[in-house]
Amino acid sequence: TVVGEVYFNSCYDGNPLVNAFALGLVKRDKIFTANAEGVGNPVLYIGAKTGRDGIHGATMASEEFSEGSESKRPNTQIGDPFKEKLLLEACLELMQTDALVGIQDMGAAGLTSSAFEMAGRAGSGVIMHLDRVPLREKGITPYEIMLSESQERMLLVAQKGREQEIIDIVQKWDLDAAAIGEVTDDGYVRLFWAGEEVAAVEAAPLSDQAPMYDRPYARPEWLDKLADFDESQIPLPRDFDNTLLRLAGDISIASKRWIWEQYDHMVQVGTVVLPGSDAAVMRMPESKKGLALSSDCNSRYCYLNPREGAMHAVAESARNVAASGAMPIALTNCLNYGNPEKPEVMYQLVEGIEGIAEAAKVLNTPVVSGNVSLYNETEGKPIYPTPVIVMTGVLEDVEKRIDIPFKQIGSHILAIGKLPTTISGSHYLDVIHSTVAGKIPAVDLAFHKSLFTFMAKMAAEGRILAAHDIAEGGIAIALFEMGRANNIGCAVTLPATARADALLFGESPLMLLEVNADNLAAVTAACKSAGLDCTDIGRTTDDGLISMHTGSISHIKTEISKLDTVYEKTLVELVK
């Protein structure tokens, strides 16, 4: 609702991906853990009743889809956002007491995962009486109770003797609550039904001693064929203006306003940089600091080079955060891949993880959480490797944030980083020439690390008017996106160091800045000091036109308003 990425490719037709991330703020002395500690302490179930929805949901997620997959709809859990809000409020109220020992939500595999993980972390055991679990219908078996993934449920461990206090608070929020067991010290999760023990399994083997997979993997030969692509065989556009128009109206580049305007993107009036920018920026309560967020993954890059593509995902997400003036500090991910039992997919997964790890270490942005979505294949066709990265950053003063739109006429436009030299792997090559191939641009992590420090310093000093990183559509699309909000044009000349379409539409990692004349010397000096390439490529103009040259040759001269029309209407027209 505050930031996101919507991306289209035929590889997702059978397996559409929806990755959601939630950011919360917590006081350091109010952090609760998911541990089942204290022998004799009661185990409580709170939230919605348990139903049969979601049984084997986690198992279904680990299978390829086929023509018969429609029959698996009951495996999908049914969510109730209103009840979820009640549960959140109930938990927050419980946390104001000192009655809680541990707490965990019931996610994949429901009661099974939460009970075993809480016991495993604490090195304890748990007894649970499943006939005390609140049920949505009669006839649900112990097996179904343990594996149901019904939503809006939590498992708690409380201080002994405080059970009723917890139950009263939860019931006040119109939710179910029941004491269903207690903590033991034998290392087992023991399940009872009508007074009879029906299962006893050690906690550790299912929690922190699970077997490590070492699946075979091999680099697919077709990657070498794609890397040998000769881009000199691709003709230059006959009409660069029309090419830019087609890119501005492409569904993956065009405005997603139709989506985000349907939701509360203001979030308690805390959002100060709205969706549509590189990163969302939000005020931190009772502080002048801001939080920046960005979600990114160029899955085409990951398809062509799984390791380098994953590094690009980390770098791009961090670059977007840095474009707001914030310092990237940590990331989470969702690793979306095909069937890892196939060696070529396992290769993509291994390379993707290694790429994320390498980038995170160099950029000092630890992976603090994440999840995995595998087996994304339908009738043998896998998705592109899609390791989605959400990066979080901190802005020391939210009033000194930077966003995309050009602010002034006659200011300088600087390109920070190396100008594009290739169309390989680009959105332009895919959309305009229907080709996905080539060697993608390398990720210079040292450049990114210096860039982040530079951007944070320039933001703190108030020297940058606007900033935008280069992504799909290259410099040409980035300039359009910077100019469209205030209809401020630009006149840009790029040195003719590569073929024209590579310079205009290639996607090398770099940042565009708008800087006024008064700050130009300080910004260029800071670039030089940081070891960053800095090219003054042009000026902002009052004519509402994007004018672009390579060397002395004019390639683009088109109205921003014309581009904006297709940019805004593409998604709206399609969903009609």
* Matching residues, region 208-241, being closer than 20 Å to ILE432 by Cβ and exposed (fewer than 13 other Cβ atoms within 10 Å of the Cβ) -> ASP230, SER232, GLN233, PRO235, LEU236, ARG238, ASP239
* When only residues in region 460-473 that are among the hydrophobic types (A, V, I, L, M, F, W, C) and more than 12 Å from VAL515 (Cβ to Cβ) count, which is least open to solvent (accessible area, probe 1.4 Å)? -> ILE470
* **Given (1) assigned to a strand (DSSP E or B); (2) open to solvent by 50 Å² or more (accessible area, probe 1.4 Å), index of the condition LEU191 fails** => (2)
* Here are some residues: ASP264, ASP250. Which one is surrounded by fewer than 18 Cβ atoms within 10 Å (Cβ to Cβ) and either touching a residue at least 40 places away in the same chain (Cβ under 8 Å) or of a type outside the set (Asp, Glu) (or both)? -> ASP264
* Sort out which residues of region 232-261 are among the polar types (S, T, N, Q) and under 12 Å from LEU571 (Cβ atoms), and write them in order of number. => SER252, SER255
* Failed condition for THR497, given (1) open to solvent by 10 Å² or more (accessible area, probe 1.4 Å); (2) closer than 28 Å to GLU399 by Cβ -> (2)
* **First in region 428-442 and buried (at least 20 other Cβ atoms within 10 Å of the Cβ), second anywhere and polar (S, T, N, Q), Cβ under 6 Å, 6 or more apart** => LEU429/THR435; GLY438/SER424; ILE440/ASN305; PRO441/SER508
* Asked: Of the numbered conditions (1) in contact with a His (Cβ under 8 Å, 6 or more places away or on another chain); (2) over 30 Å from LYS85 (Cβ atoms), LEU206 satisfies every one except a single condition; which is it?
  -> (1)
* Go over the candidates GLU341, GLU379 one by one and state the one that is in contact with an Asp or Glu (Cβ under 9 Å, 6 or more places away or on another chain) and open to solvent by 60 Å² or more (accessible area, probe 1.4 Å). => GLU379
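Give region 155-173 a look and list any residue that's among the β-branched types (Val, Ile, Thr) and part of a helix (DSSP H, G or I), or say none.
ILE166, ILE167, ILE169, VAL170
Conditions (1) part of a loop (DSSP other than H, G, I, E, B); (2) surrounded by fewer than 19 Cβ atoms within 10 Å (Cβ to Cβ); (3) without any contact (Cβ under 8 Å) to a residue 12 or more places away in the chain, marked per residue:
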position: ALA485; (1), (2), (3): yes, yes, no
position: ALA502; (1), (2), (3): no, no, no
position: ASN519; (1), (2), (3): no, no, no
position: ALA525; (1), (2), (3): no, yes, yes
position: SER529; (1), (2), (3): no, yes, yes
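The values are calculated or read from the model by the stated rules, or taken from the named source; none is laboratory data. Since this is a predicted model, take the numbers as computed values, not measurements. Don't worry about glycine lacking a Cβ; one is built from the backbone with ideal geometry, like all the others, and counts go over all protein chains shown. For accessibility, only protein heavy atoms count, side chains too; no ligands or nucleic acids. Shrake-Rupley method; radii C 1.70, N 1.55, O 1.52, S 1.80 Å.
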